[in-house]
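> Below is the structure I would like to discuss, written out as structure tokens.
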Amino acid sequence: MKQQVFKYLSQSSTQPNEVDRLIISAFLQKNKITVKKNEFLKSFTIKENEKKEYSTLQKFISLIEKEIPKFDFEELIELFEFVVSPADRIINGAIYTPLNIREYIIKQSFNSKKDSLISSKVADISCGCGGFLFNASKQLKKQTNKTYAEIFRTQIFGLDIQSYSITRTRLLLSLLALNEGEDKKEFHFNLFVGDALEFEWKNHLKSFSGFDIILGNPPYVCARNLSDEIKLSLQNWSVCKSGNPDLYIPFFQIGVENLAENGVLGFITMNSFFKSLNGRALREYFQQKSIKFKIIDFGTEQIFKSKNTYTCICLIENTNQEFIKYYRCENKELPHQERIFDRISYAGLDSKTGWNLQDNEIISKIESTGVAFGDLYKTRHGIATLKNDIYIFNPVKEDKDYYYLQNGSLYQIEKGICKDIVNTNKLSRDISLKNLKEKFIFPYDNEVKPKLLDEKYIRDSFPKAYKYLQNKRKILDDRDKGKGDYENWFAFGRTQSLEKIKNKLFFPKMSDRTPSYIINSDDNLLFYNGQAIIGHSEKEMLLIKKIMESRLFWYYIKTTSKPYTSNYYSLNGNYIRNFGICQLDNDELDFVLNEQDRNVLDTFFEYKYDIDLR
């Protein structure tokens, strides 16, 4: 842990140049490295006659000695990545890539170009503080025996949107050379500040015909955090034509289109494009090109300390191949033998519904059986008030006419404006539906398709509830960042799932095991947070409940769905809609509906799908 070091850096200055001087000076002093010639490094060296800065440096070094006993290059890279401001992390997706991941990607990429490595051009098109370029330069030095000066001048190329990141990359590479005996007055770098979404390499490099190797960790920025300007730039890339793309998605197309013929791209990035809607156009792009593609999928393993993401390594060659090579990592173990990769034909993948890469043959068999879940069953998300803690409550007490709500103060709420509601995300084998019921202020009428009540009617008929809502009006007005276009100020944020529905099969949005599925026929009972299957007879509900409780269905979820922390998986409709519902004759249907032994049902369903999961 480097808590005190990080804290000191965050408090010492908001100016990148001042922070960099502090870090570089500490690195030089701790490692007893002297700069004699390099003017760039000298400008980042704090001298003894700079009394105030030198005093700050000594305090910083004392903290380093406590928390970073061995202040090596890897610690330097991690410090550089840490001092990227939180705002820039959100906007630009900067993140530290562990050494073993960088070295693996570089080794695999370099092996593909070993016969031409002496002249290969190596680039990182979102280089951050230069970690990939640092290790690539070391490897080029080792394999070509060139000087770093020549490697930097002719073989290493970098781009980042932040000028301070390019400065840090220059510092890192200059220190690398200095540490290995090259103390030149000046190095020539091909490092540029620019937006990769718009940057034209041919305008900056003479006779540019593509890079032989592109390495990197594209920015981790989800769609909701992108500026309007960036969203506009995304429209220029065909892989961004589906859904609301995250920022990493266009970097695949940018990378491939800036590769030389037979060039190699090595990325570590999010694995969500396998199945997500916003990855559909990217999947189509790869399939149309039949590009040579190798994927190492980390599944639910967390690779990055500071980022809650699910990742994969992608190794792409700018040539054709009819299949993808795929490997699912266990315990973060990286593969070093080709024979352990599965080969999955592009022809057997569906870019529209998503790529089933893990256990492709079994998943394909499940999805080709019977009729797709999404064609038979309607799933619905729960009510969305956008401020549940205002509308939903557990009464602290009640009397004949009122529930008593504690929310800052104690409020009386007329029972006539309340309904029962359950949070179906909390369903488990240990909690009954009865124990999950809460009260819900429902400012709508009681028709099958409810309409919002008139404000005067609420004020006159339910004055206590109206007074409470008025007291919370400012909070309600701030929903959707104050830009919500609601029918009235007390209306829910969204109008989904308000109608009365007789039969509902409740289930959570995610689970770490086969969840509880509960059938409910109370048309007045509402739900939030979780999901429900609606609009079917009790017999149909019981059948799908038995199927969804099966070992086969949970296997499908674990293999194809979106992972979350602690081995939770999404049960969102997008991830279950392609599950094939097997056809049953009357005798089989009666058997399934009446059989109570889960093990017997598991065996039966696996027989029907011709799959053995034991």
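The values are calculated or read from the model by the stated rules, or taken from the named source; none is laboratory data. Here the structure is a predicted model, which means the values were calculated and not measured. Don't worry about glycine lacking a Cβ; one is built from the backbone with ideal geometry, like all the others, and counts go over all protein chains shown. Only protein heavy atoms, including side chains, enter the accessible area calculation; ligands, DNA and RNA are left aside. Shrake-Rupley method; radii C 1.70, N 1.55, O 1.52, S 1.80 Å.
> Using 0.36 nm times the number of residues separating Val600 and Lys332, minus their current alpha carbon distance, what extension gain do you get?
Values: separation 268, 0.36 × 268 = 96.48 nm, distance 3.55 nm.
Computed gain between Val600 and Lys332 is 92.9 nm.
> Note the angle between two axes, namely the Cα long axis of helix 280-289 and the longest principal axis of the Cα atoms of the chain, as a number of degrees from 0 to 90, rounded to the nearest 10.
Computed tilt is about 50 degrees.
> Binning every alpha carbon pair distance of the stretch 1-125 at 5 Å from zero, what are the percents per bin?
With 5 Å bins starting at 0, P(r) equals 2, 9, 17, 19, 16, 14, 11, 7, 4, 1, 0.
> How far, in degrees from 0 to 90, does helix 551-560 lean away from the longest principal axis of the Cα atoms of the chain, to the nearest 10?
That helix lies at roughly 40 degrees to the long axis.
> For the pair Tyr54 and Thr34, what calculated FRET efficiency results from E = 1/(1 + (r/R0)^6), where r is the Cβ-Cβ distance and R0 = 22 Å, to the nearest 0.05? Can you show the working numbers first?
Working: r = 16 Å, r/R0 = 0.74.
E(calc), rounded to 0.05, equals 0.85.
> Which one of Met510, Thr309, Gln531 is farthest out on the positive end of the charge dipole of the chain, using unit charges on Cβ (Lys, Arg +1; Asp, Glu -1) and the Cα centre as origin?
Thr309
> Counting pairwise Cα distances across the stretch 437-552, what percent come out greater than 18 angstrom?
Working: 4125 of 6670 pairs.
It works out to 62 percent of all Cα pairs.
> May I pose another question? Could you do me a favour and compute the accessible area per residue for the stretch 489-566, 1.4 Å probe, result in Å²? Walk me through the intermediate numbers first.
Working: 2730 Å² over 78 residues.
Using a 1.4 Å probe on heavy atoms only, each residue of the stretch 489-566 averages 35 Å².
> Quick check on the stretch 319-364: what does the Kirkwood estimate of hydrodynamic radius come out to from the alpha carbon pairs, in Å?
On the way: mean 1/r = 0.0846 Å⁻¹.
Computed over Cα pairs of the stretch 319-364, the Kirkwood hydrodynamic radius comes out at 11.8 Å.
> Excluding Glu499 itself, calculate the net charge of residues whose Cβ lies under 10 Å from the Cβ of Glu499, where each Lys or Arg counts +1 and each Asp or Glu counts -1. Please report the intermediate quantities before stating the final value.
Values: positive: Arg380, Lys449, Lys500; negative: Glu447, Asp523.
Net charge in that neighbourhood comes out at +1.
> Beyond 21 Å, how much of the Cα-Cα pair distribution for the stretch 244-373 remains, as a whole percent?
Values: 3386 of 8385 pairs.
Considering the stretch 244-373, 40 percent of its Cα-Cα pairs are separated by more than 21 Å.
> Same structure again: Quick one: Debye curve from the C-alpha atoms of the stretch 558-601, no solvent, what's log10 I(q)/I(0) at q = 0.32 Å⁻¹?
Those come out to -1.03, one per q.
> Along each of its three principal axes, how wide is the spread of alpha-carbon positions in the stretch 499-573, in whole angstrom units, largest first?
Taking max minus min along each principal axis of the Cα atoms, the stretch 499-573 gives 35, 24, 16 Å.
> Based on the Cβ-Cβ distance of Lys146 and Glu18, what FRET efficiency does E = 1/(1 + (r/R0)^6) give at R0 = 30 Å, to the nearest 0.05? Intermediate values should be presented prior to the final figure.
Values: r = 35 Å, r/R0 = 1.15.
Given R0 = 30 Å and the Cβ-Cβ separation, E is 0.30.
> How much net charge surrounds Gly370 when only other residues with a Cβ under 13 Å from its Cβ are counted (Lys, Arg +1; Asp, Glu -1)? List each step's numbers first, then the result.
Numbers: positive: Lys365, Lys608; negative: Glu367, Asp375, Asp585, Glu588, Asp610.
Net of charged neighbours comes to -3.
> Check cross-link reach from Lys231 to the lysines: straight Cα distance under 23 Å, and skip same-chain residues fewer than eight apart.
Here the lysines satisfying the reach criterion relative to Lys231 are Lys241, Lys275, Lys307, Lys352, Lys481, Lys483.
> Give the aspartates and glutamates reachable from Lys185 as a straight Cα distance under 17 Å; neighbours fewer than 8 places away on the same chain don't count.
Within the straight-line cut-off, Lys185 pairs with Glu39, Glu150.
> So if I average 1/r over every pair of distinct C-alpha atoms in the stretch 153-265 and take the inverse, what Kirkwood radius in Å does that give?
On the way: mean 1/r = 0.0632 Å⁻¹.
Mean inverse Cα-Cα distance, inverted, gives 15.8 Å.
> Can you give me the P(r) profile for the chain? Cα pairs, bins 10 angstrom wide beginning at 0, each as a whole percent.
3, 14, 20, 20, 18, 14, 8, 3, 0, 0
> Starting from the exponent 0.38 and prefactor 2.2 Å, build the expected Rg for the stretch 180-232 from its residue count and divide its actual Cα Rg by it. Write out the running numbers ahead of the final one.
Working: Rg = 16.2 Å, N = 53, 2.2 N^0.38 = 9.9 Å.
Rg over 2.2 N^0.38 Å, computed on Cα atoms: 1.63.
> Could you give the size of the charge dipole of the chain about its Cα centre, using +1 on the Cβ of each K and R and -1 on the Cβ of each D and E, expressed in debye and rounded to the nearest 20? Provide the component values of the computation, followed by the final result.
Details: 89 positive and 81 negative charges, 311 e Å.
The dipole magnitude comes to about 1500 debye.
> Reported to two decimal places, what Rg/Rh ratio describes the stretch 301-442 when computed on Cα atoms with Rh from the Kirkwood expression?
Values: Rg = 25.2 Å, Rh = 21.1 Å.
Computed over Cα atoms, the ratio is 1.19.
> Each label point is 7 Å from the Cα along the Cα-to-Cβ direction; what then is the distance between the points at Leu410 and Glu257, in nm?
Modelled inter-label distance: 6.6 nm.
> Which residue, chosen from Phe286, Ser207, Leu173, occupies the Cα position most advanced towards the positive end of the dipole of the chain, where the dipole is computed from +1 (Lys, Arg) and -1 (Asp, Glu) charges on Cβ about the Cα centre?
About the Cα centre, the residue reaching furthest to the positive side is Leu173.
> Over all directions, how big on average is the projection of the convex hull of the alpha-carbon atoms in the stretch 1-56, in square nanometres?
Values: hull surface 17.5 nm².
The number I arrive at for the stretch 1-56 is 4.4 nm².
> On alpha carbon coordinates alone, what is the Rg over Rh value for the stretch 426-501, Rh being the Kirkwood radius? Before the final figure, lay out each step's value.
Details: Rg = 14.9 Å, Rh = 14.5 Å.
Taking Rg over the Kirkwood Rh, I get 1.03.
> On to the next question. Taking only DSSP H segments of four or more residues, each worth -39500 (n - 2.57), what value at 222 nm results for the chain once the sum is divided by all its residues, to the nearest 500 deg cm²/dmol?
Details: 25 runs with 227 residues, N = 614.
Value at 222 nm, helices only: -10500 deg cm²/dmol.
> With all protein chains present, how much of the accessible area of the chain (probe radius 1.4 Å) comes from carbon and sulfur, to the nearest whole percent? The partial results should precede the final answer.
Values: 12890 of 29230 Å².
C and S fraction of accessible area: 44 percent.
> Still on this model: Please give the helix 73-82 orientation as an angle from the longest Cα principal axis of the chain, in degrees from 0 to 90, rounded to the nearest 10.
Long axis of 73-82 versus the principal axis of the chain: about 50 degrees.
> I would also like to ask the following. Using only the Cα atoms of the stretch 273-339, what are the Rg and Dmax in Å?
Cα only, the stretch 273-339: 13.1, 37 Å (Rg, Dmax).
> To continue, here is another question. DSSP beta bridges in the chain, what fraction antiparallel, as a percent rounded to 5? Mind showing how you got there, number by number?
Numbers: 53 of 76 bridges.
The answer is about 70 percent antiparallel.
> Okay, next question. Using 0.36 nm per residue, how much length does the chain from Lys114 to Asp485 gain when fully extended, once their Cα-Cα distance is taken away? Before the final figure, lay out the partial values.
On the way: separation 371, 0.36 × 371 = 133.56 nm, distance 5.97 nm.
Gain on stretching Lys114 to Asp485: 127.6 nm.
> So, one more: Sequence neighbours fewer than 8 away in the same chain don't count; with that in mind, list the aspartates and glutamates whose C-alpha is under 14 Å from Lys608.
Glu367, Asp585, Asp587, Glu588
> Kirkwood hydrodynamic radius for the stretch 96-190: how many Å is it when counted over pairs of different Cα atoms?
Values: mean 1/r = 0.0748 Å⁻¹.
It is 13.4 Å.
> Which three lengths, in whole Å and largest first, does the stretch 383-442 cover when its Cα atoms are put on their principal axes?
Principal extents (largest minus smallest coordinate, Cα): 33, 26, 21 Å.
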